[in-house]
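Notes follow the structure.
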Amino acid sequence: MPSPGLRSSRLAIDLPPSGIREFFDLVSGREDVISLGVGEPDFSTPWKICDEAIDGLRRGYTSYTSNWGMSELREALAADLHHRHGLTYDPADQILATNGVSEGLDLAMRALLDPGDEVIVPEPCFVAYKPAVLLAGGRPVVVETRVEDSFKLRPEAVEAAITPRTRALMISYPNNPTGAVMSREELLPLAELAEKHDLVVISDEIYAYLTYVGTHTGFASLPGMQERTILLDGFSKAYAMTGWRLGYAAGPAHLLESMMRIHSYTAMSAPTMAQIGAIEALRHGSQDVQYMVGHYNQRRRLLLAGYKRLDLPCFEPGGAFYTFPSIAHTGLTSAEFSSRLLFEENVAAVPGTAFGACGEGYLRCTYATHLDLLKEALVRIGHLLERLGCAGTGADPESV
Amino acid sequence: MKSLLEILKTEGPVDPDEIAIRLGRTRDEVEAELESLRQEGILLRYSALVNWEAAPDLKKVYAFINVSATPEHGRGFDKVAEYVSQFEEVHSLYLMSGGADLCVVVEGRDFRDIARFVAEKLAPTPGVTSTSTSFVLKTYKMEGVSLMAESKNSRLAVTP
């Protein structure tokens, strides 16, 4: 045991370990696992983007940039935001380049929260939301979303969770891990709540481009919402640039100014070569995005059809690249099912509980995986279901 | 139509049931579209993409030959192209912009094979005025597929 003087802080010790991390430890070291557990594209970054970044390095772009990010990038982002959401952001003080959405999330919480302030966090959700609130000294207040509502956030549930300490509402559609999307009409009552209770809305729209059903509505584009929304987005998912660590935040100048000040001390600036790549992505990447989105959609349909044949109930996801099938009928918990699937069939799928307690009874299966692997994974899932006495009455699972 | 053709181009003859699922269509719609693609001469045939260089006993040699030819009134280079295309050695044939008129891709067992074809068949073809032959030494990429060592997928097995 290290001496007491070398201990970690209370905050760090109390921070719950990510359920993903625990599952990762189970998977690592195993051979020939088909992984449906990955939260990132299986495509490589389009070469034209890599090429621009390499050229940038050759030309000596190896220094810090402005704390806000390169002005060329922020101008391209402003144009992109106008094109996609019809919104005008001033590149000078309303757009901040961050080290992925993860940093943007952390900055937003730190810029907003005083000790004990509350943030409404809908679950199941991305693993970092609650820790980001906790690390900023705030208190996450969980609102559960349910399959019977297609995992959309119910305004009544949100309103019931609002207290005088509530500062912000976290929103994330298309959603990780459920794949749920929310339409403009469905988001409007949430906007009214934000207005009525004077809340900031932190909208993580990293999967916006990956929308297969309907069209994506940026939360800030709802009436009156641009002035109270911190939009978090980035390049990881749409452009297959996870390892580049580049995201951005866009929102009201006074909040972005606070976020930038924190960022200037904790991160200084986002990686320069990533910013150069991102400029190319914004200028010439739209065809690549379309190509990848088309492929994800094919895989989404294939996986859903496969579940149907296996009688594995699954809500139809309209976005992101996740399916969230229910395994409750097998009598196993999420953790039991996913470890049996791993140890008996060598398929890795993340237990729904990694994304919140209400994820119990579900698995998160990614379709950002090659079609042939998805087909084989379906066969293997079918074998486990068969052994559990829950095999589908549909056609032979081998037939796709 | 584009998505359907892209599937067939990269994966070959995929079961229409699977195509229907992936594209959110019915099997009947997919089959009708396949039929009309064949009728319209858009879908010609299914064939495998073969890397001959990797098959030591079956090596093939390819050459790109720039051909200058005399055009004919009203038909341009079509007649000479039609004539040349009938040699079984001709793998593909294009009308080109730039210095030469036609580009003939020729397939043979070895260099001498191709040299003989050019000297004895292609160059003497009526209408052909000159040829310039470039042999393929190594293939790096064909039909969109890289033949260089693939980089190992470095994704972690589980990520948030």
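Residues of the range A:23-44 that are touching a residue at least 24 places away in the same chain (Cβ under 8 Å) and under 29 Å from A:GLY137 (Cα atoms): A:PHE23, A:GLY39.
Figure legend. Inter-residue proximity from the range A:294-310: first residues more than 8 Å from chain B (Cβ to nearest Cβ), second residues assigned to a helix (DSSP H, G or I) and modelled with pLDDT under 95, beta-carbon distance below 7 Å, spacing 6+ or different chains. Indicated pairs: A:ARG309/A:PRO397; A:LEU310/A:PRO397.
For the range B:112-135, indicate whether the set of residues that are without any contact (Cβ under 8 Å) to a residue 60 or more places away in the chain, out of contact with any strand residue (DSSP E or B) (no Cβ under 6 Å at 6 or more places or on another chain), within 14 Å of another protein chain (Cβ to nearest Cβ) and over 25 Å from B:THR10 (Cα atoms) is non-empty. Scanning the range B:112-135, I find no residue that is without any contact (Cβ under 8 Å) to a residue 60 or more places away in the chain, out of contact with any strand residue (DSSP E or B) (no Cβ under 6 Å at 6 or more places or on another chain), within 14 Å of another protein chain (Cβ to nearest Cβ) and over 25 Å from B:THR10 (Cα atoms), so the answer is no.
Show me the strands (runs of 3 or more DSSP E) found entirely inside the range B:87-160 where at least 3 residues are at pLDDT 95 or above and of a type in the set (Ser, Thr, Tyr). Talk me through it step by step, then tell me what you get.
On the way: elements: B:90-95, B:102-108, B:128-135.
In the range B:87-160, the matching strands (runs of 3 or more DSSP E) lie at B:128-135.
Of all residues in the range B:141-160, those that are away from chain A (no Cβ under 12 Å) have Cβ atoms under 9 Å from Cβ atoms of residues that are modelled with pLDDT of 90 or more and assigned to a strand (DSSP E or B), 6 or more apart or on another chain, in B:LEU147/B:LYS141; B:MET148/B:LYS141.
Could you tell me whether B:VAL67 is surrounded by 15 or more Cβ atoms within 10 Å (Cβ to Cβ), more than 14 Å from chain A (Cβ to nearest Cβ), outside any helix (DSSP H, G or I) and within 19 Å of the chain's Cα centre (by Cα)? Reasoning before the result, please.
On the way: surrounded by 15 or more Cβ atoms within 10 Å (Cβ to Cβ): yes; more than 14 Å from chain A (Cβ to nearest Cβ): yes; outside any helix (DSSP H, G or I): yes; within 19 Å of the chain's Cα centre (by Cα): yes.
For B:VAL67, the condition - surrounded by 15 or more Cβ atoms within 10 Å (Cβ to Cβ), more than 14 Å from chain A (Cβ to nearest Cβ), outside any helix (DSSP H, G or I) and within 19 Å of the chain's Cα centre (by Cα) - is met.
Taking residues in the range B:16-29 that are buried (at least 18 other Cβ atoms within 10 Å of the Cβ), and partners anywhere that are modelled with pLDDT of 95 or more and not in a helix (DSSP H, G or I), the pairs with Cβ atoms closer than 7 Å and at least 6 places apart or on different chains are B:ALA20/B:THR26. Identify the residue in the range A:361-378 that is more than 11 Å from A:SER326 (Cα to Cα) and of a type in the set (D, E, K, R) and, among all such residues, is surrounded by the most Cβ atoms within 10 Å (Cβ to Cβ). The residue in question is A:LYS375.
Residue selection: B:SER47 satisfies the criterion of being over 30 Å from A:ALA349 (Cβ atoms), away from chain A (no Cβ under 14 Å) and surrounded by fewer than 10 Cβ atoms within 10 Å (Cβ to Cβ). I need a count of the residues in the range A:170-200 that are under 16 Å from the mean Cα position of the chain (by Cα) and among the aliphatic types (A, V, I, L, M). Here the count works out to 5.
Is it the case that A:THR211 is under 19 Å from A:ASN99 (Cβ atoms) and in the same structural domain as A:GLY104 (by TED's automatic domain parsing)? Show your work before the answer.
Numbers: under 19 Å from A:ASN99 (Cβ atoms): no; in the same structural domain as A:GLY104 (by TED's automatic domain parsing): yes.
Judged against the criteria, A:THR211 is not a match.
Within the range A:345-360, the set of residues being within 12 Å of chain B (Cβ to nearest Cβ) and surrounded by 19 or more Cβ atoms within 10 Å (Cβ to Cβ) comprises A:VAL347, A:ALA348, A:ALA349, A:VAL350, A:PRO351, A:ALA354, A:PHE355. Scanning the range A:348-396 for residues that are farther than 26 Å from A:ARG146 by Cα and either β-branched (Val, Ile, Thr) or part of a loop (DSSP other than H, G, I, E, B) (or both) gives A:THR369, A:HIS370, A:VAL379, A:GLY389, A:THR393, A:GLY394, A:ALA395, A:ASP396.
The set of residues in the range A:80-105 that are buried (at least 24 other Cβ atoms within 10 Å of the Cβ) and among the charged types (D, E, K, R) contains only A:GLU103.
Okay, residues lined up against (1) assigned by TED's automatic domain parsing to the domain that holds A:LEU36; (2) within 22 Å of the chain's Cα centre (by Cα); (3) more than 30 Å from A:ASP51 (Cα to Cα); (4) assigned to a loop (DSSP other than H, G, I, E, B):
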{"site": "A:MET292", "(1), (2), (3), (4)": "yes, yes, no, no"}
{"site": "A:GLN298", "(1), (2), (3), (4)": "yes, yes, no, no"}
{"site": "A:GLU316", "(1), (2), (3), (4)": "yes, yes, yes, yes"}
{"site": "A:ALA335", "(1), (2), (3), (4)": "yes, yes, yes, no"}
{"site": "A:SER338", "(1), (2), (3), (4)": "yes, yes, yes, no"}
{"site": "A:LEU342", "(1), (2), (3), (4)": "yes, no, yes, no"}
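Comparison of A:GLU123, A:GLU185, A:GLU156 shows that the only residue that is in contact (Cβ under 8 Å) with a residue 24 or more places away in the chain and either within 25 Å of A:GLY224 (Cα to Cα) or of a type outside the set (Lys, Arg) (or both) is A:GLU123.
Within the range A:226-267, which residues are more than 21 Å from A:ASP80 (Cβ to Cβ) and part of a loop (DSSP other than H, G, I, E, B)?
Looking only at the range A:226-267, we keep the residues that are more than 21 Å from A:ASP80 (Cβ to Cβ), and these are A:228, A:243, A:254, A:257-258, A:261-262, A:264-267.
The answer is A:ALA267, and nothing else.
Name the single residue that is farthest from the chain's Cα centre (by Cα) among those in the range A:201-211 being in a loop (DSSP other than H, G, I, E, B) and under 19 Å from A:ALA250 (Cα atoms). For the range A:201-211, the residue satisfying everything is A:TYR209.
Looking for whichever is within 14 Å of another protein chain (Cβ to nearest Cβ) and at positive phi here; the options are B:GLY98, B:GLY12, B:GLY76. Which one fits? I'd like the intermediate steps shown before the answer.
Working: B:GLY98 fails: within 14 Å of another protein chain (Cβ to nearest Cβ); B:GLY76 fails: within 14 Å of another protein chain (Cβ to nearest Cβ).
Within the list B:GLY98, B:GLY12, B:GLY76, the selection yields B:GLY12.
Filtering the range A:30-68 down to residues that are surrounded by fewer than 16 Cβ atoms within 10 Å (Cβ to Cβ) and within 10 Å of another protein chain (Cβ to nearest Cβ), which residue is modelled with the highest pLDDT? Of everything passing the filter in the range A:30-68, A:SER44 is modelled with the highest pLDDT.
Scanning the range A:128-142 for residues that are out of contact with any Leu (no Cβ under 6 Å at 6 or more places or on another chain) and buried (at least 21 other Cβ atoms within 10 Å of the Cβ) yields A:TYR129, A:LYS130, A:VAL133. Applying a threshold of 9 Å to beta carbon distances and a minimum spacing of six or more residues, or different chains, the list of pairs starting in the range A:138-150 at a residue that is in a strand (DSSP E or B) and ending at one that is among the polar types (S, T, N, Q) reads A:VAL141/A:THR163; A:VAL141/A:THR166. Could you grab me the full set of residues in the range A:1-47 that are more than 26 Å from A:ALA320 (Cβ to Cβ) and part of a helix (DSSP H, G or I)? Matches in the range A:1-47: A:PRO4, A:GLY5, A:LEU6, A:ARG10, A:LEU11, A:ALA12, A:ILE13, A:ASP14.
The values are calculated or read from the model by the stated rules, or taken from the named source; none is laboratory data. Bear in mind the structure is a predicted one, so any value in this text is a computation, not a measurement. Quick reminder, even Gly has a Cβ in these numbers, built from the backbone with ideal geometry, and neighbours come from all protein chains shown.
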